[in-house]
Amino acid sequence: MRNIWTICRKELGTYFASPIAYLLLTMFGVVFGFFFWNALGYFVNMGMEMQMRGETMPMNLNEQIIRPLLSNVSVIGLFFIPMITMRLFAEEKRSGTIELLATSPVRDIEVILGKWFAALILYACLLLFTALNFGFLFLYGKPDWKPLAVAYLGLLLQGGLLLAIGTFISTLTKNQIIAGAATFGVCILLWVLEWVSGYESAAWATVLAYLSVITHFDSFARGVIDSKDLIFYLTGIFLGLFITARSMESLRWRS
Amino acid sequence: MIEVKQLTKRYARTTAVDQISFSVEKGQIVGFLGPNGAGKTTTMRVLTCFLPPSAGTAKVAGFDVLEQPREVKRRIGYLPESPPLYPEMGTVEYLRFVGKLKGLSGAELDKRIDYVLGRCFISDVKTKLLGKLSKGYRQRVGLAQAIIHNPDVLILDEPTAGLDPKQINETRDLIRSLAGDHTIILSTHILPEVEQTCEQVIIINKGRLAATDSVRNLQARTRGVESLLVEIAGGDGSLEQDLVRSTLEQIPGVAQVVSKDAKDSRLIFEVQTQKGQLNRGDLARAVVGAGWDLNELRAASMSLEEIFLELTGNETPAEVKEPASEITA
Ligand SMILES: Nc1ncnc2c1ncn2[C@@H]1O[C@H](COP(=O)(O)OP(=O)(O)OP(=O)(O)O)[C@@H](O)[C@H]1O
Ligand SMILES: [Mg+2]
């Protein structure tokens, strides 16, 4: 446990000592800010139009702004995950510091968990940026906070799964760029898999759609914790970290 | 303290280490000597549990590297070929991190950090970023992280590579002073380093053990031919080199006389004899009898370089070191 924290602290230090963390935060903030104010502008416009026409339709912040925006966050997140995970192991292998970690009295799994937690914390910082924007809604309206909290849990779980996959891919190479590109490919693939269910309803299509990480976020976005989806994410995280551990072990036997 | 039996390590195509056996007693300093690609780094990586052996066993402090790697790792300090530094960390921050990894904490950790800062002469770069240190300082920080947890066994892969001559001496002194409490294995290309620093030497070549012995024995063993260095002065400077040589050659037991050096009025010769054949008194009397001054007469020990060449089949000794070889994991 102590070792996990030691590794995690060191990784966070690296993220925040170099421009990586700030660059990601800025980029994420700008991109999401754009989505947010766009959606808000549209919402306000629509409200005024309806008032002019004398119609009254229940305006719901949760349904009309928060939910679609959160789905956007889950997709934008896909693009940032590779940039967070690509260096985790690739860099240690390239610079030789892996030799320090591997010859210290710590377990592989402690190293992996420490790195994964650090990545998750950085990802959570990105999410915090989006939460700041939603804060405005609380100033001017009365959205329900509970579905929002559930949605953030969903985002964290989805992020955790993709970060675990990214961590695994980072153990396979000593080249950060390769690790990043491969993780990006996998993330995109896990996103678009869902599309097959649009035109195909055979069993294989259902399986593919099931594997799509994004579909499992829908229930969370609605503010519902569906145990099926929860289990999907948790199993995914476990499997991702498990193959990372196997990969680290096999590195020694293969080299 | 360290016991290696029939150790073999194969990579995909190469056999880097081939059935090596040796053992190291507690408190000894052992030099690991061999040309490039001999398998030194590979052997060290097996001892530090970084790589598993393909066959054979390696034990450190009684613990097998395969069966109880954590116990082994706890007792080992390791300086890899290229110091494992994080460029974005400061010196003290890094030592703190490594200390925690090795299981230190609190006041004890602070104490050890202070100690290694002084011991490895890195107090003046305490707060500098590791990425901005010069090669020599990187090496010293690498050494500092290896001894931070006061390990029983130190494994140092070319600890003096890249240091300036003053630093090399200081580092050798440091390593020597660490012996006793610590058992040390160091690899090197610099032969005098082994002669100066180590008590025992293990020579490997192409993955095979070429020799293992104490430095003194090894020097003696390969000295089937004994040589004496003789310095003769003629006083007025009119000494004839050829005359002296032929005089020396007539002394019973002398096999060959090689003229080594001549400066001012002094001549230096190397007199080679079969072991135990020559009476040094005869030599001294012959010189003095001819009216010359005998300035010096001493046994010339064969340098490790020559021993090395002899044992490894007259290949070029590995003195020219290629740049830090690639790290593979
Ligand atoms: N990861 C690896 N994969 C395949 N072969 C390797 C690997 N590491 C080392 N080798 C090979 O194993 C042999 C021994 O290498 P090793 O690094 O142990 O030599 P060394 O004695 O440390 O040499 P040097 O003096 O250059 O440091 C070499 O032939 C090398 O090419
Ligand atoms: Mg080497």
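FYI, it's all coordinate maths here, none of it is from the lab. The structure displayed is predicted, hence computed values, not measured ones. All Cβ positions, glycine included, derive from the backbone under ideal geometry; neighbour counts span all protein chains shown.
I'd like the antiparallel share, as a percent to the nearest 5, of DSSP beta bridges with both residues in the protein assembly as shown.
70
Sort B:40, B:100, B:132, B:206 so the one with the fewest other Cβ atoms within 10 Å of its own Cβ comes first.
Arranged by neighbour count, lowest to highest, B:40, B:100, B:132, B:206 become B:132, B:206, B:100, B:40.
Return the FRET efficiency for the residue pair residue B:243, residue B:169: r is the Cβ-Cβ distance, R0 is 45 Å, and the value is rounded to the nearest 0.05.
With R0 = 45 Å, the Cβ-Cβ based efficiency is 0.60.
Pull out the extension gain between residue A:9 and residue A:44, defined as 0.36 nm times the separation in residues minus the alpha carbon to alpha carbon distance; nm, one decimal.
Extra length from residue A:9 to residue A:44 when fully extended: 8.3 nm.
Dipole of chain B, Cα-centred, from +1 at each Lys and Arg C-beta and -1 at each Asp and Glu C-beta, to the nearest 20 debye?
1460
Note down the magnitude of the dipole of the protein assembly as shown about its Cα centre, charges +1 on Lys and Arg C-beta and -1 on Asp and Glu C-beta and zero elsewhere, to the nearest 20 debye.
Charge dipole, the protein assembly as shown, about its Cα centre: 1380 debye, nearest 20.
Where a ≥ b ≥ c are the square roots of the eigenvalues of the C-alpha gyration tensor, would you call segment A:173-244 rounded, which needs a/c under 1.5, or, failing that, prolate if a/b is larger than b/c, or oblate?
Oblate is the answer for segment A:173-244, as a/c is 1.5 or above yet b/c matches or exceeds a/b.
Across chain B, where is the longest run that never hits GluC sites (Glu not before Pro) in a DSSP loop with at most 14 other C-beta atoms within 10 Å?
Between exposed loop sites, the widest span is B:68-239.
Return the FRET efficiency for the residue pair residue A:79, residue A:132: r is the Cβ-Cβ distance, R0 is 25 Å, and the value is rounded to the nearest 0.05.
With R0 = 25 Å, the Cβ-Cβ based efficiency is 0.80.
Would you tell me the mean number of C-beta atoms belonging to other protein chains that fall within 10 Å of each C-beta in B:78-90, as a whole number?
5
Where the only charges are on Cβ atoms (+1 Lys, Arg; -1 Asp, Glu), what is the dipole of segment A:2-79 about its Cα centre, to the nearest 20 debye?
It works out to roughly 440 debye.
Give the total of Lys-Lys pairs in chain A with Cα-Cα distances below 21 Å; include a pair only if its members are 8 or more places apart or on different chains.
For chain A, qualifying lysine pairs total 7.
Per-residue counts of other Cβ atoms within 10 Å, averaged by peptide: what ranking do you get for B:183-191, A:197-205, A:179-187, B:9-17, highest first?
Per-residue mean Cβ counts within 10 Å order the peptides as B:183-191, A:179-187, B:9-17, A:197-205.
Please arrange A:140, B:78, B:86 by how many other C-beta atoms lie within 10 Å of their C-beta, fewest to most.
Ascending Cβ contact count within 10 Å gives the list A:140, B:86, B:78.
Let a ≥ b ≥ c be the square roots of the eigenvalues of the Cα gyration tensor of the protein assembly as shown; is it rounded (a/c under 1.5), or, if not, prolate (a/b larger than b/c) or oblate?
prolate
Positive end of the dipole of segment A:124-240, charges at C-beta (+1 Lys, Arg; -1 Asp, Glu), about the Cα centre: which of A:151, A:136, A:188 has its Cα farthest in that direction?
Positive-end residue among those listed: A:136.
Charges on Cβ only, +1 for Lys and Arg, -1 for Asp and Glu, centred on the Cα centroid of the protein assembly as shown; of A:84, B:196, A:30, which one is farthest towards the dipole's positive end?
A:30
Sorted by average packing, counted as other Cβ atoms within 10 angstrom per residue and highest first, what order do B:112-119, A:165-172, A:46-53 take?
So the peptides B:112-119, A:165-172, A:46-53, ranked by packing, come out A:165-172, B:112-119, A:46-53.
In peptide B:143-150, how many Cβ atoms from other protein chains are near each Cβ within 10 Å, on average?
Partner Cβ neighbours, averaged per residue: 1.
For segment B:21-37 and segment A:1-70, what is the separation of their C-alpha centers, rounded to whole Å?
60
Can you give the calculated 222 nm mean residue ellipticity of chain B, where each DSSP H run of n ≥ 4 adds -39,500 (n - 2.57) and the sum is split over every residue, rounded to the nearest 500 deg cm²/dmol?
-9500 deg cm²/dmol
Looking at chain B, what % of its DSSP beta bridges pair antiparallel, to the nearest 5?
70
Going toward the positive end of the dipole of the protein assembly as shown, with +1 on Lys and Arg Cβ and -1 on Asp and Glu Cβ, which of B:281, A:177, B:79 do you reach last?
A:177
In peptide A:89-100, what is the residue-averaged number of other protein chain Cβ atoms found within 10 Å of each Cβ?
Mean partner shielding for this stretch: 6.
As a footprinting exposure proxy, order A:247, B:246, A:227, A:74 by other Cβ within 10 Å, with the fewest listed first.
Going from sparsest to densest Cβ surroundings: A:227, B:246, A:247, A:74.
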